[in-house]
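These notes are about the structure you will find just below.
The values are calculated or read from the model by the stated rules, or taken from the named source; none is laboratory data. All of these numbers come straight from a predicted model, not from anything done at the bench. Note that we place each Cβ from the backbone using ideal geometry, even for glycine, and neighbour counts take in every protein chain shown. Ligands, DNA and RNA are excluded from the accessible area calculation, which covers all protein heavy atoms including side chains. Shrake-Rupley method; radii C 1.70, N 1.55, O 1.52, S 1.80 Å.
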Amino acid sequence: MDAGGVTPEEIRSALSSNATLKLLNAYSRDWVLPLFAEHLEQVDGSVSAEWFHERVTEALGRIPDWQGDRSPAEHCRRWVESRWLETETDSGRLRYRLSPHSLRALRIVKEIVEGESSVSGARLGSIAHAVRRLADMTNPDREVQVRRLDEQIEELRHRRDAVASAGS
């Protein structure tokens, strides 16, 4: 089956390997994306590692019941490894900037937030349902595929019955 020119295998691979999608799905996204948006997105160039580590410390301090023991530098190192941050050295000092993957993730979130005024909660639920269906479509397990098809058949029966009863 082809999903707009992209195969299910390509979708499955992207969900597990694409840095943008991994950031959007990360456990820490609720505090990392706002941190990136507030302190790095509008920066032309890069910021000093020391300065950004302070911003990470502040962000962690705003998380209720934070229990982590990873230092800000360790967080940043992992974000570099995950391709969410890029580094450069200027006069022997480490600097950070957002990667294209993080910029794309922020753009996606902002497009959704800005569009919420014109997109109803039902529509967002519909989008979430479509994403779950797409994940099911890429699942190689035949039982999952059969269950998805049965659900589609049932949904179509309900829609048909509704249309037929409305015309009577």
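Please indicate, with yes or no, whether at least one residue in the range 9-31 is in a loop (DSSP other than H, G, I, E, B), open to solvent by less than 60 Å² (accessible area, probe 1.4 Å) and of a type in the set (A, V, I, L, M).
Within the range 9-31, one or more residues are in a loop (DSSP other than H, G, I, E, B), open to solvent by less than 60 Å² (accessible area, probe 1.4 Å) and of a type in the set (A, V, I, L, M).
Can you tell me which of (1) touching an Asp or Glu at 6+ places or on another chain (Cβ under 8 Å); (2) open to solvent by less than 50 Å² (accessible area, probe 1.4 Å); (3) outside any strand (DSSP E or B) is the one residue 103 doesn't meet?
Here residue 103 meets the rest and fails (2).
Sort out which residues of the range 69-115 are more than 17 Å from residue 32 (Cα to Cα), among the β-branched types (Val, Ile, Thr) and within 15 Å of the chain's Cα centre (by Cα), and write them in order of number.
Selection gives 112 alone.
Filter the range 21-69 down to the residues that are among the basic types (Lys, Arg) and touching a Leu at 6+ places or on another chain (Cβ under 9 Å), then identify the one that is nearest to residue 113 (Cα to Cα).
Among them, the one singled out is 29.
How many residues does the range 39-56 hold that are at pLDDT 95 or above and open to solvent by 50 Å² or more (accessible area, probe 1.4 Å)?
Count: 3.
Hey, does the range 119-133 have a residue that's of a type outside the set (Phe, Trp, Tyr), open to solvent by 100 Å² or more (accessible area, probe 1.4 Å) and modelled with pLDDT under 80?
Scanning the range 119-133 turns up at least one residue that is of a type outside the set (Phe, Trp, Tyr), open to solvent by 100 Å² or more (accessible area, probe 1.4 Å) and modelled with pLDDT under 80.
Residues in the range 86-94: is at least one open to solvent by less than 60 Å² (accessible area, probe 1.4 Å) and closer than 25 Å to residue 21 by Cβ?
Looking for residues that are open to solvent by less than 60 Å² (accessible area, probe 1.4 Å) and closer than 25 Å to residue 21 by Cβ, one finds none in the range 86-94, hence no.
Could you check the range 139-168 and list, in sequence order, the residues that are closer than 27 Å to residue 15 by Cβ, at pLDDT below 80 and among the aliphatic types (A, V, I, L, M)?
Hit for the range 139-168 is 144, nothing else.
Just checking, does the range 41-64 include any residue being basic (Lys, Arg) and free of Cβ contacts under 8 Å to residues at least 12 places away in the same chain? Spell out how you get there, then give the answer.
Here is the first cut: in the range 41-64, the ones basic (Lys, Arg) are 55, 62.
Next cut, free of Cβ contacts under 8 Å to residues at least 12 places away in the same chain only: none.
No; the residues of the range 41-64 include none that is basic (Lys, Arg) and free of Cβ contacts under 8 Å to residues at least 12 places away in the same chain.
Write out, first by first residue and then by second, each pair whose Cβ atoms fall under 9 Å of each other, whose residues are 6+ apart or on separate chains, and whose first residue, in the range 145-168, is on the phi < 0 side of the Ramachandran plot while the second is hydrophobic (A, V, I, L, M, F, W, C).
Pairs that qualify, where the first residue is on the phi < 0 side of the Ramachandran plot and the partner is hydrophobic (A, V, I, L, M, F, W, C), are 145/137; 148/137.
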